[in-house]
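Q: Take a look at the following structure, please.
The values are calculated or read from the model by the stated rules, or taken from the named source; none is laboratory data. Since we're looking at a predicted model, the values are computed, not measured. Virtual Cβ from ideal backbone geometry, glycine too; neighbours counted across all protein chains shown.
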């Protein structure tokens, strides 16, 4: 099972000052050197974190780039220019804090067919972010996409008493998807406490995880960062 790391929230911190700190490319290199198999970014219509220039820069330096996007023509145009290794089609609402659920493949099937084909014409492997629902998975297959990414948010956010039910839904969705020729990834809301159960489901090829990793990095790295700054302050005072 591969691990793709979403670095959107590193860009979120950068955008608070509109400077180049933290540097997104350096962050991507750190993530990859630590063992991640790829980098995931979401180019949103409102450009709240990842910017167009980030996509072009990362494509030049990241060996395996997954670009999440809505079916928005300005974003699709960039995807066709950049040609990431993977494109994951997601629903998007401007007012949401984060993606709230899977794309409705049934109601969007004709648009999906057109968009999937246009991306595949550029040699981009296409995935659709989808709830673990068998009818939605059937429509994803009909769209021509090679992959689905199962939305694990309901599992991540439900009470402990309901975890087993949500895990069963995901496992059944994976079995069905693979039986009709789709490859399966999963992600959303996964963290250090709930990821292990997901890793035990056979035939999930990759997990895409971001927020919990970036949050953990702040905690684990904060002590070292403060220590280094204090050392510099004290050293200057002694000169």
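Q: From the list 77, 118, pick out the single residue that is exposed (fewer than 13 other Cβ atoms within 10 Å of the Cβ), over 13 Å from the mean Cα position of the chain (by Cα) and assigned to a helix (DSSP H, G or I). Steps first, please.
A: Working: 118 fails: exposed (fewer than 13 other Cβ atoms within 10 Å of the Cβ).
Of 77, 118, the one residue that is exposed (fewer than 13 other Cβ atoms within 10 Å of the Cβ), over 13 Å from the mean Cα position of the chain (by Cα) and assigned to a helix (DSSP H, G or I) is 77.
Q: In region 202-239, which residues are in contact with a strand residue (DSSP E or B) (Cβ under 8 Å, 6 or more places away or on another chain) and not in a helix (DSSP H, G or I)? Please lay out each step first, then the result.
A: Our first condition is that a residue be in contact with a strand residue (DSSP E or B) (Cβ under 8 Å, 6 or more places away or on another chain); within region 202-239, this holds for 203-211, 213.
Matches in region 202-239: 203, 204, 205, 206, 207, 208, 209, 210.
Q: Looking at residue 135 and the list (1) buried (at least 20 other Cβ atoms within 10 Å of the Cβ); (2) under 26 Å from residue 190 (Cα atoms), which single condition is not satisfied?
A: Here residue 135 meets the rest and fails (1).
Q: Out of curiosity, is residue 30 within 26 Å of residue 195 (Cα to Cα) and surrounded by fewer than 18 Cβ atoms within 10 Å (Cβ to Cβ)?
A: Working: within 26 Å of residue 195 (Cα to Cα): yes; surrounded by fewer than 18 Cβ atoms within 10 Å (Cβ to Cβ): yes.
Criteria met by residue 30.
Q: Let me ask something else. Are there any pairs, at least 6 apart or on different chains, whose C-beta atoms fall under 9 Å, with the first in region 142-160 and farther than 14 Å from residue 104 by Cα and the second exposed (fewer than 15 other Cβ atoms within 10 Å of the Cβ) and modelled with pLDDT under 95, and if so, which?
A: As it stands, the answer is 153/98; 153/100, since those pairs meet every condition given.
Q: Would you confirm whether any residue within region 173-193 is free of Cβ contacts under 8 Å to residues at least 24 places away in the same chain and more than 28 Å from residue 110 (Cβ to Cβ)?
A: yes
Q: While we're on this one: Just to be sure before I move on: is residue 36 in a loop (DSSP other than H, G, I, E, B) and under 26 Å from residue 129 (Cα atoms) in the structure I sent? Please lay out each step first, then the result.
A: Values: in a loop (DSSP other than H, G, I, E, B): yes; under 26 Å from residue 129 (Cα atoms): yes.
Yes, satisfied.
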